[in-house]
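A short reminder: the numbers here are calculations on the coordinates, not readings from a lab. Every value quoted in this text rests on a predicted model; they were computed, and no experiment measured them.
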Amino acid sequence: MRPVRDGGSATLLAMPLYDFHCRACGTVFEARAAIGELAPCESCGSADVERLLSGFAGPFTIAPRGAAAKRSDDSRRTREQQRQERSQQRRGALESG
Ligand SMILES: [Zn+2]
């Protein structure tokens with residue numbers, strides 16, 4: 001463990017870690033930055049970066065429940081049929097081989 005010296009480290013720890021996206025080179029990187037500040041790209045050093053919102057909780061994460069439920073029910077039924085067919089095939093293979 002390194003001894004923590006006074007001065008500087010306190011402010012660094014106080015800065016939250018953000019995800020940034022560099023518009024110049026497309027790199028996504030994590031960096032500590034003060035609130036409202038942007039960190040320069042760690043790859044190319046460009047200041048043309050944007051802060052990514054944590055979580056990416058877009059509207060696309062909320063699926064229409066009815067359709068999704070129906071679909072998963074259908075796929076489960078299909079999977080069940082496939083499993084039964086496969087087990088029958090395996091049994092047949094064991095008997096013949
Ligand atoms: Zn960059």
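Data overview
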read-out	value
For segment 9-52: relative contact order, % (alpha-carbon pairs under 8 angstrom, 6 or more apart)	39
For Val49, residues with placed amide H under 5 Å, excluding near neighbours	Arg23
Theoretical gain in end-to-end length, Phe29 to Cys44 [0.36 nm per residue, Cα-Cα removed]	4.3 nm
